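Rule-based calculations on the coordinates, nothing more; no lab input. Quantities reported herein were computed from a predicted structural model and do not represent experimental measurements. So basically every Cβ, Gly included, is an ideal-geometry build from the backbone, and we count neighbours across all protein chains shown.
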Amino acid sequence: MTGTVGYGFVLAGLACAAFGAVVGLTTGLKRSDAGWVWVQRAVWGFFLCLIGANLTMEYALLTHDFSVKYVAQVGSRATPTVFTVVSLWSALEGSILFWGAILAIYVLAFMLLHRRENPRAMSVALGVMLAVGVFFAFLIAGPANPFHTLPNPPADGPGPNPLLQNHALMIIHPPMLYLGYVGMTVPFGVAAAALLRGEINAAWMVPLRRWMLVAWTFLSVGIILGGWWAYAVLGWGGYWAWDPVENASFLPWLTATAFIHSTMVQERKRMLKLWTLSLALSTFVLTILGTFMTRSGVFNSVHSFTQSDIGPTFLVFLAVLLVFCIGLLAARGHLLVAEEGIRSPLSRETTILLNNLVFAALTFVVLVGTLHPLIAESLFDKRVSVGAPYFDKLTLPFWTVMLFLMGVGPMLPWGSADREKVRGQFLLPGGVALATVAACFAAGLRGGYALAVFGLAAFVAVINVRELVIPVRARMRERSEGLVTAVVESASRARRRFGGYVVHLGIVMVAVAVAASQSYVTHTTATVKKGETFKAGGYELKFLGLTGGREPHREYVAARLEVVPPGGGAPDELAPRMNYYEMSTDPIGTPGVRSTAREDLYVSLLAFSGQAKSPDGVETASFNTWIFPLVGWIWWAIPVLVGGSLIAMWPSRRAKVALAGTPAVAGAGPAPDAAVQKGAA
Amino acid sequence: MSMSPAVRNRLIAVAALVVAAGGLAFIAFGNLGENLVYYWSPKELLSQGERAYGPTIRLGGLVKAGSIQWNAAHTELQFRVAEGREADAPNVLVRSTEVPPQMFRDNIGVVVEGTYSEAAVFQSNRLMVNHSNEYRAPKEGEQRNWKETVTDASAATSPAAGSSAQTVKP
């Protein structure tokens, strides 16, 4: 019964999306306002149906209705309620359903926030987004149908994958990543609409930029949380492995970041129009490619993907998308000619141009490494993978160049810089950078890349902080404002610049933390008997013995360790453990982590034997121990990144005026507002 | 024929971009070849001949029953990875200096990463045990007890451990 209701919602949602897409695209492109009311109704219908379908699935999960196929697949009476709720996104079918809900929320939010704009342009933009909605609704209705009714429902199910109920991060990481991924549909719709209509004007760049920034922020947070989850749950002592799933989320991040920068040149200098729109389109294509790669099982084996239900559908969609994007850019390329040129190599636009070239190169390198195994297997029938050294070696030089540009860019003015002035501004950050490298070297740190990153990080930090401080100090001096007023005022005068510099500081935190934790990691393995002590770096760890216990959804065995930090101090206790899930044969480890601002001590329990089974009749345990300097700063950068993005995207009074004025820019339509009010009522 | 400076500049820019892109592609594909990791089963590995010596290999198969030798004092592990469960299935001798994870045992699926040498020894620097994650239906009236788990786990009825999970992400 529940399955039928859910499936009904999905079919109705598919119908709404198809109807809205057809009406929006045909009327919008015929320059008619006639369809606008119906497009809005279709968006509401799509939204209500997809939300309804998701709520139905949640109801089925919470009531343990095992006649619904997806519930039988991931549900279990033993699973705690919170993990039952989030098991909506713990397997393929549910996560695509959840994807649909997020898409519906984005499309509705976009429509509501921009409903006063030119209805023809809006019809086309929403038409494109609903066309994407058709694809996902079709996936849910057909190849990935979670509502399939089982004729003989089981009495209980296996519960979600134990790896996914092992940590609270699993509740928040996938939604963040999906909000980032799915959010790229909105800029795609806006960019495709502008190209389809052949009206590429400043009016459309504002929403394009803002929605890209929204999706970018969620994607950044999602990627970092994913690394944190891997670190806290998987127990192999790392947060990033250049695994295809990680690369899939990273590729659109690279192009989206390039877009956020190139759009400034586009806005200021009327250059890079074609390039900027290409970045918006390719970001979306990369999210679909990423979903295809991670969800079709293609990485288990190229030949097995056709057996997965969604693989072929995705491949067809990807091909259609590519042809559409390339055709669109080819057809409208003549409209996207630069109106100005670069006047001086010593200017902000030059650094942003270089920034975009570096991001393009990074995207290329990561894409080649990620896709190569697929190509090698499908063409030559060889099963290979590309090792992490490939990615490290090829991306590291680009990261250092990028850091350098992150400092130089904000320092240089638009147009053309005065050489003498630049030289003067360079002295302080350059000096601090050299001093940092010297201090690190004196402290005994070695390794070219790590020292280069620390020096460049100091360089970038000094410049970006200075750019933040200069206007504040000027206000305090000239208008004798207090510190808080001056900060708030100067931030609100130039939100995007101010927010951008704050984001830069967050990226510096991540860069330093990654360089330190990768270059200066210490790893030891030890097997000890109860009461024995072993050393890891400066830490002394004493094995106090095994202990066990029961939690609602699992049993565990923990190895208690007394930790004496380097140089003495109060001893701490760590208990890395293994969790035995009720419904799964294999236990999942949880590492013990002692985190400080300086470094993390990370211990995972590798193996143990209890008193009875041990040869000497003493409990023994084996531990994998790592010491990661500064690693926590990667996740602590999240609030800085989010804070900076929020400052940058907060709508200012001026922007609102500009938006309200857009219908006039786009041409004389008969009173669009009247139509809007009718539609929304 | 003279070109206007604007056209000439554009040509130079395009040429520079083409050269840079070509160079990058050359470096990328060159490095790709050096960093490939081959997936082979014992049978495939043994049929490679000379080509098996040198490159990084991921060898996947089952731990041959009765082949595990573990020296805890020196952290030396030695076992054979076999194509299948049969006694005469093709197999490869593997040496490792890692502590075997909890669920490591006879006939379990493993993937070892390392290199193969003329001495017919596979030197492994990474040992991953396949997570089966099979659904284990609770038996009638069964109630597991953690104390049992503590004492039984090493008897390998409940396999363990996170080391195989490197590449698993939702």
Q) With point charges of +1 on the Cβ of Lys and Arg and -1 on the Cβ of Asp and Glu, referenced to the Cα centre of segment A:522-633, which listed residue (A:Pro552, A:Ala621, A:Leu601) lies farthest in the positive direction of the dipole? A) A:Ala621
Q) Around A:Ala536, which amide H atoms from residues at least 5 apart in sequence, or from another chain, sit under 5 Å from its own amide H, with H modelled in the peptide plane? A) A:Leu541
Q. Among A:Val22, B:Tyr38, A:Val528, whose Cα lies farthest out toward the positive end of the dipole of the protein assembly as shown, if unit charges sit on the beta carbon of Lys, Arg (+1) and Asp, Glu (-1)?
A. A:Val22
Q. Relative to the Cα centre, what is the charge dipole magnitude of chain A, using +1 at the beta carbon of each Lys and Arg, -1 at the beta carbon of each Asp and Glu, and rounding to the nearest 20 debye?
A. 2260 debye
Q: Just tell me how shielded A:378-391 is by partners: mean number of partner chain Cβ atoms within 10 Å of each residue's Cβ, no decimals.
A: 4
Q: Could you check how many percent of all C-alpha pairs in segment A:522-633 are farther apart than 20 Å?
A: 41 percent
**Q.** Student exercise, segment A:53-147 dipole from Lys, Arg, Asp, Glu Cβ charges, in Debye to nearest 20
**A.** 220 debye
Q. How well do other chains shield peptide A:598-610, expressed as the mean number of their Cβ atoms within 10 Å of each residue Cβ?
A. 4
Q. Can you work out D for chain A in µm² s⁻¹ from Stokes-Einstein, where Rh is the Kirkwood radius over C-alpha pairs, the temperature is 4 °C and the viscosity is 1.567 mPa s?
A. 47 µm²/s
**Q.** Charge dipole of the protein assembly as shown about the Cα centre (unit charges at C-beta), most positive-ward option of A:Gly569, A:Trp636, A:Tyr390
**A.** A:Trp636
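Based on the Cβ-Cβ distance from B:Phe26 to A:Met1, what FRET efficiency comes out when R0 is 45 Å, to the nearest 0.05? Please report the intermediate quantities before stating the final value.
Numbers: r = 62 Å, r/R0 = 1.37.
Computed FRET efficiency for B:Phe26 and A:Met1: 0.15.
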Q. With respect to the cross-link table entries A:Lys269/A:Lys421; A:Lys382/B:Lys64; A:Lys393/B:Lys43; A:Lys529/B:Lys64, which display a Cα-Cα separation exceeding 31 Å?
A. A:Lys393/B:Lys43
**Q.** Under DSSP loop assignment and at most 15 Cβ neighbours within 10 Å, longest trypsin sites (Lys or Arg not before Pro)-free interval of chain A
**A.** A:117-269
Q: Would you mind pulling out the separation of the Cα centroids of segment A:533-548 and segment B:52-119, in Å?
A: 29 Å
Q.
Quick check on segment B:1-119: of the DSSP beta bridges with both residues there, what percent are antiparallel, nearest 5%?
A. 80 percent
Q.
If neighbour count is taken as other Cβ atoms inside 10 Å, put A:Val214, A:Val107 in order from fewest to most.
A. A:Val214, A:Val107
Q: Within 10 Å of each residue's Cβ, count the other Cβ atoms and sort B:Ser124, A:Ser480, B:Ser41 from fewest upward.
A: A:Ser480, B:Ser41, B:Ser124
**Q.** Within segment B:38-132: Cβ-based charge dipole about Cα centre, in debye rounded to nearest 20 (Lys, Arg +1; Asp, Glu -1)
**A.** 140 debye
Q | Relative exposure of A:Asp309, A:Asp418, A:Asp600, judged by other C-beta atoms within 10 Å (fewest first) | A | A:Asp418, A:Asp309, A:Asp600
Q.
How shielded is B:20-30 by partner chains, expressed as the average number of their Cβ atoms within 10 Å of its Cβ atoms?
A. 3
